[in-house]
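Undergrad: Before I ask anything, here is the structure I am working with.
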Amino acid sequence: MKAALISLGSQSSIMTAEAMSKYFEQVDMVQLKNIEVKLGKEAGIFYEGKRFERYDCVYVKGSFRYANLLCSIASMLEGKIPYMPLPSSTFTTVHNKLLTHLILQQHNIPMPRTYISSTVGSAKELLKEVKYPIVMKFPEGTQGKGVMFADSLSSASSLLDALGVLNQPFIIQEYVDTGGTDIRALVVGDKVVAAMKRKAQKEEKRANIHAGGSGEAVLLNREVSKIALDTAKALKADICGVDILEGPLGPVVIEANVSPGLQGLNKVSTIDVPDEIAKFFYRKTEEIVNAGKKVAVDEVMKGISLENGEDSLSQEVISELKFRGDKIILPEWITKIAKFDDRKEYSIKVKKGRLEVEEFKK
């Protein structure tokens with residue numbers, strides 16, 4: 001089976017691709033910046049000017065700055081390849097914090113109290129009612145970027161004035177005091193494969209590793225683990241980093257990331273995180289590919305009555321060959337249709353790429 005990893009070429013992407021190469025027959029790293037998506041009569045995905053190859057598994061990942069391109073690529077591939085860990089809709093929702101929180105709200109996943117306002121003026125009225133400190137966020141951004149803190153009405157108003165000049169939308173959220181720590185849980189499929197507790201640097205409130213935070217492995221309790229799994233499921237992501245705060249009133253989700261960094265997590269974890277990801281991708285792809293082959297075989301078998309001895313019928317099905325050492329193991333359905341019998345003799349004709357087996361008539 002063939003796989004491709006479309007990304008910006010980060011170290012995490014390289015780690016994942018190397019792990020995938022242990023399972024897939026071929027793994028290609030594809031630079032996101034060199035991809036074009038064409039719509040219309042010549043619709044398709046083109047990489048370095050050539051039409052994108054066909055793969056069994058494609059993992060698309062990248063920065064929020066490329067959200068539209070990521071969504072377009074995934075949308076063009078959906079229904080044309082067996083497996084993608086992230087559907088196109090996920091790129092739209094997860095790369096926008098507002099849409100992420102709306103999805104969390106729909107699925108009753110706990111999160112900090114969050115406020116949305118249409119104008120700076122109405123937001124300033126809202127600031128008179130909230131409890132401080134508060135967090136102010138741009139809807140787009142990762143690694144803690146675009147996150148601001150205000151400990152009073154005056155500082156929050158100053159930030160709002162700056163945001164008004166930038167003409168940027170924003171989200172207001174209550175601040176959950178955890179002593180500068182948060183939890184990053186990595187969900188792959190239907191389990192949390194690794195988690196770490198991150199602690200912010202002194203005088204820094206963001207615990208993100210990219211913001212200078214430090215991490216240590218942590219064993220999640222059942223409640224926190226369930227919240228992480230529910231978040232990934234709600235966002236329809238088979239791989240998702242979920243950031244959680246354990247506040248006085250219980251754990252809450254503050255962010256999700258479908259292009260999570262792996263270096264920090266892999267460093268503190270007792271397992272090989274990229275390998276866990278690669279194994280899941282392979283198992284999922286194999287399951288879907290094999291299910292598709294079974295459907296094709298079932299369709300063939302519907303038109304053939306083995307009991308009625310319809311020897312004149314023939315059928316062609318595209319299938320992989322299974323090898324045991326140098327021997328070819330034919331699928332059971334082939335032997336049934338051909339009615340091979342170990343008591344009979346067969347004439348075998350062989351040339352490169354072709355094999356013909358026919359009952360020998362004396």
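The values are calculated or read from the model by the stated rules, or taken from the named source; none is laboratory data. Keep in mind that this is a model prediction, so the values were computed, not measured. Neighbour counts are summed over all protein chains in view; Cβ atoms, including those assigned to glycine, are modelled from backbone coordinates with ideal geometry.
Undergrad: How many residues, within segment 98-122, are assigned to a helix (DSSP H, G or I) and under 15 Å from residue 237 (Cβ atoms)? Show your work before the answer.
TA: Here is the first cut: in segment 98-122, the residues assigned to a helix (DSSP H, G or I) are 98-106, 120-122.
Next cut, under 15 Å from residue 237 (Cβ atoms) only: 99-100, 103-104.
Number of matching residues: 4.
Undergrad: Residues of segment 144-168 being surrounded by fewer than 16 Cβ atoms within 10 Å (Cβ to Cβ) and at pLDDT below 80, which ones?
TA: Answer for segment 144-168, where residues must be surrounded by fewer than 16 Cβ atoms within 10 Å (Cβ to Cβ) and at pLDDT below 80: 145, 161, 162, 164, 165, 166, 167, 168.
Undergrad: Can you pull out the residues in segment 4-59 that are over 16 Å from the mean Cα position of the chain (by Cα), closer than 19 Å to residue 86 by Cβ and of a type in the set (S, T, N, Q)?
TA: 31
Undergrad: Quick check: is even one residue across segment 84-92 surrounded by fewer than 20 Cβ atoms within 10 Å (Cβ to Cβ) and in a loop (DSSP other than H, G, I, E, B)? I'd like the intermediate steps shown before the answer.
TA: Kept after step one, since they are surrounded by fewer than 20 Cβ atoms within 10 Å (Cβ to Cβ), are these residues of segment 84-92: 87-89, 92.
Applying the additional criterion that residues be in a loop (DSSP other than H, G, I, E, B) yields 87.
Among the residues of segment 84-92, at least one is surrounded by fewer than 20 Cβ atoms within 10 Å (Cβ to Cβ) and in a loop (DSSP other than H, G, I, E, B), which makes the answer yes.
Undergrad: A further question follows. What number of residues within segment 352-362 are at pLDDT 75 or above and in a loop (DSSP other than H, G, I, E, B)?
TA: First pass over segment 352-362, keeping only residues at pLDDT 75 or above: 352-361.
Going one step further and asking which of them are in a loop (DSSP other than H, G, I, E, B), we end up with 352-353, 360-361.
Counting residues in segment 352-362 that are at pLDDT 75 or above and in a loop (DSSP other than H, G, I, E, B) gives 4.
Undergrad: I need a count of the residues in segment 6-31 that are in contact with a strand residue (DSSP E or B) (Cβ under 7 Å, 6 or more places away or on another chain), assigned to a helix (DSSP H, G or I) and either in contact (Cβ under 8 Å) with a residue 40 or more places away in the chain or hydroxyl-bearing (Ser, Thr, Tyr) (or both).
TA: 3
Undergrad: State the number of residues belonging to segment 236-256 that are assigned to a loop (DSSP other than H, G, I, E, B) and crowded, with 21+ Cβ neighbours inside 10 Å. Talk me through it step by step, then tell me what you get.
TA: In the first step, residues of segment 236-256 are kept if they are assigned to a loop (DSSP other than H, G, I, E, B); the result is 236-238, 248-249.
Those still in the list that are crowded, with 21+ Cβ neighbours inside 10 Å too: 237-238.
Of the residues in segment 236-256, 2 are assigned to a loop (DSSP other than H, G, I, E, B) and crowded, with 21+ Cβ neighbours inside 10 Å.
Undergrad: Still on this structure, please answer the following. For the condition farther than 30 Å from residue 183 by Cα, modelled with pLDDT under 90, in a helix (DSSP H, G or I) and of a type in the set (D, E, K, R), what is the one hit in 293, 349?
TA: Numbers: 349 fails: in a helix (DSSP H, G or I).
Among 293, 349, only 293 is farther than 30 Å from residue 183 by Cα, modelled with pLDDT under 90, in a helix (DSSP H, G or I) and of a type in the set (D, E, K, R).
Undergrad: Of everything in segment 55-68, what is of a type outside the set (Phe, Trp, Tyr) and either farther than 21 Å from residue 11 by Cα or not in a helix (DSSP H, G or I) (or both)? Give them in sequence order.
TA: 56, 57, 58, 60, 61, 62, 63, 68, listed by residue number.
Undergrad: Another one. Step by step: first the residues of segment 105-123, then only those that are aliphatic (A, V, I, L, M) and either exposed (fewer than 15 other Cβ atoms within 10 Å of the Cβ) or modelled with pLDDT under 95 (or both), then the one that is nearest to the chain's Cα centre (by Cα). Which residue is that?
TA: Going residue by residue through segment 105-123, those that are aliphatic (A, V, I, L, M) are 109, 111, 116, 120, 123.
From the residues that got through so far, the ones that are either exposed (fewer than 15 other Cβ atoms within 10 Å of the Cβ) or modelled with pLDDT under 95 (or both) too are 111, 116, 120, 123.
Numbers: 111: 22, 116: 28, 120: 36, 123: 35 Å.
The qualifying residue nearest to the chain's Cα centre (by Cα) is 111.
Undergrad: Could you please let me know if residue 259 is touching a residue at least 24 places away in the same chain (Cβ under 8 Å) and part of a helix (DSSP H, G or I)? If you could, list the steps in order and put the result at the bottom.
TA: Working: touching a residue at least 24 places away in the same chain (Cβ under 8 Å): yes; part of a helix (DSSP H, G or I): no.
No: the conditions fail for residue 259.
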